[in-house]
Amino acid sequence: MRFFLALLTFCTLALSAQTQYPQDYFRPPMDIPLHTSGTFGELRSNHFHAGLDYRTNQKTGFAVYASAAGYVSRIKVSAYGYGTSIYIDHPNGYTTLYAHLLKYAPKIEAYVRKKQYEKKSFEIELFPKPGEIVIEKGEEIALSGNSGGSGGPHLHFEIRDTKTEMIINPLAFGLDKKMKDTKLPTIYSVLIYPLSEDAVVDGSRSPYLINVKQQANGIFVADTIKAKGVIGFGVNATDKSTGSTPNNGIYKTELFYNNNPYFSCEFNTFAFDESRYVNNYIDYERYYNTGQRFQKLYIKRAFPLSLLKHNQGNGQISLTIQDTLAKKYSIVVSDFHGNKATVTGVIQYSAEPARVGTPKFVTAYRVIAANDNIYSKNGVSVFVPANAFYDDFYMDFEVKDSVLRLHRPTTPVHTYLEVSFDAPGVTKEEAAKTFIAGIGGKRFSYNNTRYENGRFIAKIKVLGSFKLMKDTTAPTIFRPTFKEGAQVKADTIGVHIADDLSGIATYDGFINGKWVLMHYDYKDRSLKYNFSDGLTDDGKNQLKIVVTDNVGNSATFETYFFRTQNTNPVENNK
């Protein structure tokens, strides 16, 4: 029976790995030469990258085309995340996503802008009915941009299974043939982790960095190491594709020990719910301290990340006194086009005791990751739900001078913790201005906070120090793009907005008393109005802007300008 279950599991994995996607159904979303600045599954902050980032040569405004016929199923405009984005459902069961756009094509732009004016909101999410906005293959749907959380002009492109919403590597649909890539990945360094209580690596109980040198034949060779106990490997590697300068992510990583497959990770498809597990897949503490992302090629405590194929012992290697012969290991990293880089090395068992140890950190607050945990002290409580952390550990929990010290931000958090501060007798007015702030040196971060039953309560997803803070200062509105009373000939006018504590919550613009659509970009703190709306009068126009922060403080900016009558008003918005 056990053999049958193992065989069934193997067959299921094999079928999954051999999923065939249509190869000629989707066309590239742009007609410019396609080079990636970001690959599928690339290791990002708190998530795996869910698509391909196509370079646009540090420019915006390139035509974006529908990769196949279908209908617009979702539209989202946000100052954050994917920014201005569009989703198209296709009759073959897949959905394509185009993100960080500058603007939509005219028929889509008119539809969206009408809804924005109806809701009086720049940020909007729409779900048109099937057939409401029909799109043909190759039809221009937008212009490429730099909106939302984009770090520079590019097009983010995804393909998803419409029904399951599983994200799929776009290159698996034949789009790899539209790109040339002959560059090999690069392996920078290898780490060995002592995992068991008795584990020692070259006399150290701490993670041990191995020297790696590239040979003339392209193979990377690591220094021989001596170890005992249970150990695991980690690798720091990146890839560059032809025509691109940035370092991209690795498509496939494999660990072989004594010529046997021990562990692998392959970025073909994953679910959104899995994305935050990137913080457990990498050595998070090292990433936090150094910015280097080491992929761990082992699992210490099981977690549901379908990308991993841990062939033997969850990638953990046990070295005992019976291992008299040196054992060979190799790590192979590959890109989607089959270019590979390999590092090889040898492990020799050694009974040598540790010369360098890692001091044990022990407190009265033990976190059992599989269980709910509650900690309370001096009027401050922290609730930790089961599986909020990836491993068991001792929590550094202290409350002193009304400041909560909740361990260190080098430990990743998977799901929200709940923090509460007792504060009975606070007036309604005081409560509205008070929130639980994260402390980072001289900087403070806002956490959405509610007040109930004499307690301030907030959900947090990062460890560190926290305290109650009050914000009574209004946002600032500054540096308008024109002088008061000026004759404005530009296509847009705008201001800059900022808030130094709780952060911007809402922003509204009015011209001659009527609400107008203002476009917000948090990256440069700009708030702009485009005259293509056709809502100005011929001559003098009054402008009013109201900005509110997250605790209700509000600022108002009022001025006037002159404008000749627009020639192309958008009638739908009047």
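The values are calculated or read from the model by the stated rules, or taken from the named source; none is laboratory data. Being a predicted model, the structure only gives us computed values, none of them experimental. Here Cβ is always computed from backbone atoms with ideal geometry, including for glycine, and neighbour counts include all displayed protein chains. Calculation scope for accessible area: heavy atoms of the full protein, side chains included, ligands and nucleic acids excluded. Shrake-Rupley method; radii C 1.70, N 1.55, O 1.52, S 1.80 Å.
Is it the case, given these coordinates, that Leu307 is among the aliphatic types (A, V, I, L, M), surrounded by 14 or more Cβ atoms within 10 Å (Cβ to Cβ), farther than 21 Å from Ile192 by Cβ and touching a Phe, Trp or Tyr at 6+ places or on another chain (Cβ under 7 Å)?
Answer is yes for this residue.
Scanning for something in contact (Cβ under 8 Å) with a residue 12 or more places away in the chain, assigned to a loop (DSSP other than H, G, I, E, B) and more than 30 Å from Lys226 (Cβ to Cβ), does the stretch 340-362 turn up at least one residue?
no
For the structure I just gave you, tell me whether Lys461 is open to solvent by 60 Å² or more (accessible area, probe 1.4 Å) and at pLDDT below 95.
no
Could you tell me which numbered condition Tyr208 fails, if it satisfies all but one of (1) more than 14 Å from Leu319 (Cβ to Cβ); (2) open to solvent by 50 Å² or more (accessible area, probe 1.4 Å); (3) among the aromatic types (Phe, Trp, Tyr)?
Unmet for Tyr208, out of (1) more than 14 Å from Leu319 (Cβ to Cβ); (2) open to solvent by 50 Å² or more (accessible area, probe 1.4 Å); (3) among the aromatic types (Phe, Trp, Tyr): (1).
Looking at the stretch 301-319, which of its residues are assigned to a loop (DSSP other than H, G, I, E, B) and in contact with a strand residue (DSSP E or B) (Cβ under 7 Å, 6 or more places away or on another chain)?
So the first thing to find is which residues in the stretch 301-319 are assigned to a loop (DSSP other than H, G, I, E, B), and the list is 301-307, 310-312, 316.
Of everything in the stretch 301-319, those that are assigned to a loop (DSSP other than H, G, I, E, B) and in contact with a strand residue (DSSP E or B) (Cβ under 7 Å, 6 or more places away or on another chain) turn out to be Ser306, Leu307, His310, Asn311, Gln312, Gln316.
Being assigned to a loop (DSSP other than H, G, I, E, B) and within 26 Å of Tyr251 (Cβ to Cβ) is the filter here, so list the residues in the stretch 180-210 that pass it.
Lys180, Asp181, Thr182, Lys183, Leu184, Pro185, Pro207
What are the pairs with Cβ atoms under 7 angstrom where one residue, in the stretch 383-400, is over 16 Å from Thr363 (Cα atoms) and the other, located anywhere, is part of a loop (DSSP other than H, G, I, E, B) and of a type in the set (Asp, Glu)? Sequence gap at least six, or different chains.
Listed pairs, sorted by first residue: Val384/Asp372; Pro385/Asp372; Ala386/Asp372.
Just one of Phe562, Phe557 is open to solvent by 30 Å² or more (accessible area, probe 1.4 Å), touching a residue at least 60 places away in the same chain (Cβ under 8 Å) and over 36 Å from the mean Cα position of the chain (by Cα); which is it?
Exactly one of Phe562, Phe557 is open to solvent by 30 Å² or more (accessible area, probe 1.4 Å), touching a residue at least 60 places away in the same chain (Cβ under 8 Å) and over 36 Å from the mean Cα position of the chain (by Cα), namely Phe562.
Going residue by residue through the stretch 301-324, is there one that turns out to be basic (Lys, Arg) and either modelled with pLDDT of 95 or more or closer than 30 Å to Asn57 by Cβ (or both)? Show your work before the answer.
Kept after step one, since they are basic (Lys, Arg), are these residues of the stretch 301-324: 301, 309.
Filter again for either modelled with pLDDT of 95 or more or closer than 30 Å to Asn57 by Cβ (or both), leaving none.
Within the stretch 301-324, none of the residues are basic (Lys, Arg) and either modelled with pLDDT of 95 or more or closer than 30 Å to Asn57 by Cβ (or both).
Specify the residue that is nearest to Glu274 (Cα to Cα); the eligible residues are those in the stretch 391-417 that are among the hydrophobic types (A, V, I, L, M, F, W, C) and assigned to a strand (DSSP E or B). Spell out the reasoning first.
Of the residues in the stretch 391-417, the ones among the hydrophobic types (A, V, I, L, M, F, W, C) are 393, 395, 397, 399, 403-404, 406, 413, 417.
Still in the list and also assigned to a strand (DSSP E or B): 393, 397, 399, 403-404, 406, 417.
Values: Phe393: 23, Phe397: 29, Val399: 34, Val403: 33, Leu404: 30, Leu406: 25, Leu417: 18 Å.
It comes out as Leu417.
Against the condition without any contact (Cβ under 8 Å) to a residue 60 or more places away in the chain, surrounded by 22 or more Cβ atoms within 10 Å (Cβ to Cβ) and assigned to a strand (DSSP E or B), how does Phe263 come out, does it pass?
Values: without any contact (Cβ under 8 Å) to a residue 60 or more places away in the chain: yes; surrounded by 22 or more Cβ atoms within 10 Å (Cβ to Cβ): yes; assigned to a strand (DSSP E or B): yes.
For Phe263, the condition - without any contact (Cβ under 8 Å) to a residue 60 or more places away in the chain, surrounded by 22 or more Cβ atoms within 10 Å (Cβ to Cβ) and assigned to a strand (DSSP E or B) - is met.
Considering (1) open to solvent by 30 Å² or more (accessible area, probe 1.4 Å); (2) over 20 Å from Tyr288 (Cα atoms); (3) not in a loop (DSSP other than H, G, I, E, B), say which one Ile436 fails and leave the rest.
Every condition holds for Ile436 apart from (1).
Could you grab me the full set of residues in the stretch 286-300 that are assigned to a loop (DSSP other than H, G, I, E, B), among the basic types (Lys, Arg) and at pLDDT 95 or above?
At the first step, the residues of the stretch 286-300 found to be assigned to a loop (DSSP other than H, G, I, E, B) are 291-294, 297-300.
Those still in the list that are among the basic types (Lys, Arg) too: 293, 300.
Within the stretch 286-300, just Arg293 meets the criteria.
Between Asp391, Asp396, Asp401, which is out of contact with any helix residue (DSSP H, G or I) (no Cβ under 6 Å at 6 or more places or on another chain) and open to solvent by 70 Å² or more (accessible area, probe 1.4 Å)?
Step by step, each of Asp391, Asp396, Asp401 is checked, and only Asp401 is out of contact with any helix residue (DSSP H, G or I) (no Cβ under 6 Å at 6 or more places or on another chain) and open to solvent by 70 Å² or more (accessible area, probe 1.4 Å).
Please verify whether Thr411 is at negative phi, open to solvent by 30 Å² or more (accessible area, probe 1.4 Å) and either in contact (Cβ under 8 Å) with a residue 60 or more places away in the chain or in contact with a Pro (Cβ under 8 Å, 6 or more places away or on another chain) (or both), treating the condition exactly as stated.
Taking the combined requirement at face value, the residue satisfies it.
Residues in the stretch 439-458 that are outside any strand (DSSP E or B), farther than 26 Å from Asn387 by Cα and open to solvent by 50 Å² or more (accessible area, probe 1.4 Å): how many?
Result for the stretch 439-458: 3.
Among Ala388, Ala431, which is at pLDDT 95 or above and outside any loop (DSSP other than H, G, I, E, B)?
Ala431
Exactly one condition in (1) of a type outside the set (A, V, I, L, M); (2) over 30 Å from Ile436 (Cβ atoms); (3) surrounded by 15 or more Cβ atoms within 10 Å (Cβ to Cβ) is false for Asp538; which is it?
(3)
Which one of Gly234, Gly229 is over 19 Å from Ala341 (Cβ atoms) and of a type outside the set (S, T, N, Q)?
Answer to the selection: Gly229.
Would you check which residues across the stretch 141-172 are surrounded by fewer than 20 Cβ atoms within 10 Å (Cβ to Cβ) and part of a helix (DSSP H, G or I) and list them?
Ala172
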